[in-house]
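What follows is a single structure, written as structure tokens, with notes after it.
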Amino acid sequence: MLPMHRHVDTDLNDLKDLLLSMGGCVEKAIDEVHEGITKKSESHLAQVEKQEKLINELHTRVDEECLKFLAMQAPVASDLRLVLAVIKINTDLERMGDQTLNICYNGREFLRSTIEQVPKELDSMKKEVRFMVKSALDAFVRQDVELCKKVLNHDDIVDRYRNQIVDQLKTKLKSDPNNTDAYLNLIMIAKNMERLADHATNIAEDVIFVATGTDIRHGHEQIK
Amino acid sequence: MDGEVLKVEKLNAYFNDFHAVKDVDLSVNYHEVVALIGPSGCGKSTFIRCLNRLHEEVPGARCTGNVWLDGQNIYGKGVDPVVVRRNVGMVFQKPNPFPGLSIFDNVAVGLRLAGVTKKSVLSEAVEEALRKSALWTEVKDKLKKPGTGLSGGQQQRLCIARALAVKPPVILMDEPTSALDPISTAKIEELIVELKNDVTVVIVTHNMQQASRISGRTAFFLLGELIEYGKTSKIFTKPQNLKTEQYITGRFG
């Protein structure tokens, strides 16, 4: 058999590009929300809302394109797995947009407080989350299973940071009751940041499914 | 019944020097629909024509190996090919009702050849076959009209009824819907799924979606070899062989 040019590849590449644009918006939203909180900057937080709107628009578009693709191309095997993964990753990215918006709202509340410093682990946690999101999207482009495994492993690091931050803030809640709201907002920020990592993990799991046909969800310990 | 209705062992088929089917082993269970897919010239039609000894009718054609039908080797010594063909019905790409015969006679022809003459028995069998092929309500009032007067889709269902009338354990279908419109195709597909209760179907198709819609297992042939045989749900979501993946996704042709 001879290799054949497939028009379907153009459609699949368009789908991938749309999803990556959405991923870019999520990455920007994470950066902006983190800057907004650590620098106590409303202008950065305003950018998050802008990105979230773009993410929602892309969310609808990706779904529409997937629906068209499924109806018109009736994909099978790796093509089918890819479209299925795009639909799922699309949902994850949209939720990630929502999480950044939640962080933004908690950030605004936090900005009103007199507390100047956020826990230093929040910075490290954000770096981990950004690494996971970027790597999951890179892995999607390259269908890189090894990179996916790295993403899965980093989820534990993010969980540890979240626990450290929450423990620290619980102590502060007791010792500094005047700033209860600010500490509670920071706890919510850490929790939402950790949820971002969970979505990046979902994406990595979906990419492994596309590349290998194996569903490793709910048991990715084996693949680590 | 459970277990294997057909068991093919080391089947090789030739047209003179051309080796069309190479060392194929394949089993089919009772009440199963098996789809054979693969590019044109890959040997899938030749393969099914070996399952009812039609292949040997072509001048210069021969085959080796064993095909067990209900535990009996159809290539065994003394086996009558006509009896084999009665037990393994066949439906072709183009509907081929017998010209000059009525709808009734088209269905009854196999039974008559088998020696059935009693009118009530014939009537009952014809009605049953036409009902099973989802044609009865459309033709019950014109059974004496010529079979060739029906539409293409109806003619194909008539051919299925003709094959069913002699109650074979297996029916082979060689691209039975490739000449039909989507509605007639859908009717035949529904029919095949229904027929599973009574008969085993082995179908050659170029329509991937058809294979995925109606079959329980799919066999992928390439250049005379059986490349992959497995659950249809697996073949169309996660084929094991790269060649299968490339063929069904249209990366090679």
Dipole magnitude (debye, nearest 20) for chain A, charges at Cβ of Lys, Arg, Asp, Glu: 480
Accessible surface of residue A:98 - all protein chains present, 1.4 Å probe, nearest 10 Å²: 50
For residue A:88, net neighbour charge (Lys/Arg +1, Asp/Glu -1) across residues whose Cβ lies under 12 Å away: -3
Protein heavy-atom accessible area occluded, B/A pair - total, 1.4 Å probe, Å²: 1300
Residue-level accessible surface for residue B:30, protein heavy atoms, 1.4 Å, Å²: 40
Label-to-label distance, nm, for residues given as residue A:46 and residue A:215 (7 Å Cα→Cβ offset): 4.6
Residue A:40 - accessible surface, heavy atoms, 1.4 Å probe, Å² rounded to 10: 50
Partners for residue A:16 among aspartates and glutamates (Cα-Cα distance below 13 Å; same-chain residues under 8 apart left out): A:63, A:65, A:79, A:138
Whole-Hz ³J(HN,Hα) from phi, Karplus 6.51 cos²θ - 1.76 cosθ + 1.60, for segment B:126-134, glycine and proline x: 5, 4, 4, 5, 5, 5, 5, 8, 6
1.4 Å probe, heavy atoms, protein only - residues of segment B:219-246 losing at least 30 Å² accessible area vs chain alone: B:236, B:237, B:238, B:245
Descending Cα extents along the principal axes, segment B:29-133, whole Å: 42, 33, 32
Residue A:64-residue B:233 pseudo-label distance in nm [points 7 Å out on the Cα-to-Cβ vector]: 3.4
Anisotropy class of segment B:16-73 from Cα gyration tensor, a/c 1.5 cut: oblate
Apportionment of accessible area to carbon and sulfur, segment A:46-103, percent (1.4 Å): 55
Principal-axis tilt of helix A:77-111 within chain A, Cα atoms, nearest 10 degrees: 20
Exposure ranking of B:206, A:5 by accessible area [1.4 Å probe, largest first]: A:5, B:206
GNM flexibility winner over chain B from B:201, B:116, B:67 (Cα, springs under 10 Å): B:116
Under 12 Å, Cβ to Cβ, from residue A:195 - net charge with Lys/Arg +1 and Asp/Glu -1: -3
Helix-only [θ]222 nm of chain B, DSSP H runs n ≥ 4, -39500 (n - 2.57) each, per residue, nearest 500: -10000 deg cm²/dmol
Solution diffusion estimate, µm²/s, Stokes-Einstein, the protein assembly as shown, Kirkwood Rh from C-alpha pairs, 25 °C, viscosity 0.890 mPa s: 92
Largest-first ordering by accessible area, 1.4 Å probe, given options A:111, A:93: A:111, A:93
Near-label residues of segment B:218-243 by backbone N, under 16 Å of a point 7 Å along Cα→Cβ of residue B:23: B:222-229
Label-point separation in nm, residue B:77 to residue B:193, each point 7 Å along Cα→Cβ: 4.8
Considering only chain B, percent of DSSP beta bridges that pair antiparallel, nearest 5: 60
Order of exposure, largest accessible area first, which applies to B:57, B:189 with probe 1.4 Å: B:57, B:189
Computed FRET value (nearest 0.05) for residue B:178 with residue A:156, which takes r as the C-beta separation and R₀ as 60 Å: 0.60
Interchain or long-range residues, amide H under 5 Å from residue B:227's placed H: B:220, B:221, B:222
Candidates B:120, B:212, B:178: whichever shows maximal mean-square fluctuation once chain B is modelled as a Gaussian network with Cα springs under 10 Å: B:120
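The values are calculated or read from the model by the stated rules, or taken from the named source; none is laboratory data. Since the model is a prediction, treat every value here as computed from it, not as a measurement. Note that we place each Cβ from the backbone using ideal geometry, even for glycine, and neighbour counts take in every protein chain shown. Only protein heavy atoms, including side chains, enter the accessible area calculation; ligands, DNA and RNA are left aside. Shrake-Rupley method; radii C 1.70, N 1.55, O 1.52, S 1.80 Å.
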